[in-house]
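The values are calculated or read from the model by the stated rules, or taken from the named source; none is laboratory data. Since the structure is predicted, the reported quantities are computational estimates derived from the model, not experimental observations. Cβ: placed from backbone, ideal geometry, glycine included. Neighbour counts: every protein chain shown. Please note that ligands, DNA and RNA were not included when accessible areas were found on the heavy atoms of the full protein model with its side chains. Shrake-Rupley method; radii C 1.70, N 1.55, O 1.52, S 1.80 Å.
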Amino acid sequence: MPRPSAAEEDLVRQAGRALSRHGLVHAYGHCSLRLDAGHFLVSPAKPLGLVANDDACSVVPLDGPLPDGVLGEVRIHREIYRLRPEVCGVVRSMPPRVMTLGTARITPRARHGFGAYFAPQPPLWDDPQLLRSDEQAAALAEQMGPARAIVMRGNGAVTAGTSLEEAVVLTWYLEDAARVEFEARAAGIAESGVILSEAEAAQRATWAGAIRERMWAHLTAESGKP
């Protein structure tokens, strides 16, 4: 097993507290960071907003059983890392608007800038049950494919990024896309509202200009304190 650095553990704890403070997780949710080709580091098995600076994260291998004390749905992270070598950060979250839309089997369409990162829209995992088996987790990762997010019906979402910071930022973007989708439907403009074209979405979904870094700084401001 590789030994994570203090900086890597701090990053996972910081990410978890930021997700909690912005209402993207609550008692449930977890986040992880890839360590190498065969292992990742996952947040402590407790509400992320309660994670203290001395709470140890867990190293999880991509092969073999989950280590003792690791939450069952961490299998989702493992299967995504196994399937997608470019992914270095995963977040399992419970964003409120994403949850609301997901109960109706709706995922947000690319109506505005933040929605462009998931164009044309995130896939839907159409099963409200918790994922407690390797087979379920592998099926979800397969359905997610190369997408940056997948919505789970009545059960939150999963985002995947090239870093943990990116996965956290994408979680906020996904919730904002769900907010716009929800409000557009509530206002009766769901069908008449303009959806970004494939070209518009591809151009808008950029990380140039420190876009990711600025949102990460916003989300983690003062998150070093539990």
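As I understand it, the value is the acute angle between the Cα axis of helix 74-83 and the longest principal axis of the Cα atoms of the chain; what does it come to in degrees, rounded to 10?
Taking the Cα atoms of the chain, the angle to 74-83 is about 80 degrees.
Can you tell me the 0 to 90 degree angle between the C-alpha axis of helix 211-220 and the longest principal axis of the chain, rounded to 10?
60 degrees
Loop by DSSP (not H, G, I, E, B), at most 11 other beta-carbon atoms within 10 Å: where is the longest site-free stretch of the chain for GluC sites (Glu not before Pro)?
Formally, the longest exposed-site-free interval is 87-190.
Taking only Cα atoms, what is the 0 to 90° angle, nearest 10, from helix 164-186's long axis to the longest principal axis of the chain?
Rounded to the nearest ten degrees, it is 30.
Simple spin-label model, 7 Å along Cα-to-Cβ: T162 to T206 in nm?
1.4 nm
Can you compute the modelled spin-label distance between A45 and V194, with each label point 7 Å from Cα toward Cβ, in nm?
5.0 nm
Just to confirm a number: summing +1 for Lys and Arg and -1 for Asp and Glu over residues other than M99 whose beta-carbon lies under 10 angstrom from that of M99, what do you get?
Combined, the nearby Lys, Arg, Asp and Glu give +1.
Count the net charge of all other residues whose Cβ sits under 15 Å from the Cβ of H112, scoring Lys and Arg as +1 and Asp and Glu as -1.
Values: positive: R97, R109, R111, R179, R185, R204; negative: E175, D176, E181, E183, E200.
It works out to a net charge of +1.
Would you be so kind as to identify which of L24, T162, P2 lies farthest towards the positive end of the dipole of the chain, taking Lys and Arg as +1 and Asp and Glu as -1 on Cβ and the Cα centre as origin?
Farthest along the dipole direction, towards plus: L24.
Only Cα pairs within less than 10 Å get springs; with that Gaussian network setup on the chain, which residue of L130, L101, L33 has the largest fluctuation?
L130
Could you work out [θ]222 nm for the chain from helices alone, using -39500 (n - 2.57) per DSSP H run of at least four and dividing by all its residues? Round to the nearest 500 deg cm²/dmol.
-11500 deg cm²/dmol
Sorting D134, D127, D68 by accessible area (1.4 Å probe), largest first, what list results? Mind showing how you got there, number by number?
Working: D134 70, D127 45, D68 150 Å².
Final ranking, largest accessible area leading: D68, D134, D127.
When Lys and Arg each count +1 and Asp and Glu each count -1, what net charge do the other residues less than 13 Å away from L140, Cβ to Cβ, add up to? Show your work: numbers first, answer last.
Details: positive: R75, R78, R82, R84, R92, R132, R153; negative: E73, E79, D126, D127, D134, E135, E142.
In short, 0.
Lys/Arg Cβ at +1, Asp/Glu Cβ at -1, dipole of the chain taken about the Cα centre: which of L131, L33, L174 is farthest positive-ward?
Checked the options; the winner is L174.
If you take the Cα atoms of segment 126-189, find Rg, then find the Kirkwood Rh from the mean of 1/r over all pairs, what is Rg/Rh?
Looking at segment 126-189, the ratio lands at 1.03.
Compute the orientation-averaged projected area for the chain from the convex hull of its Cα atoms and round it to one decimal in nm².
11.8 nm²
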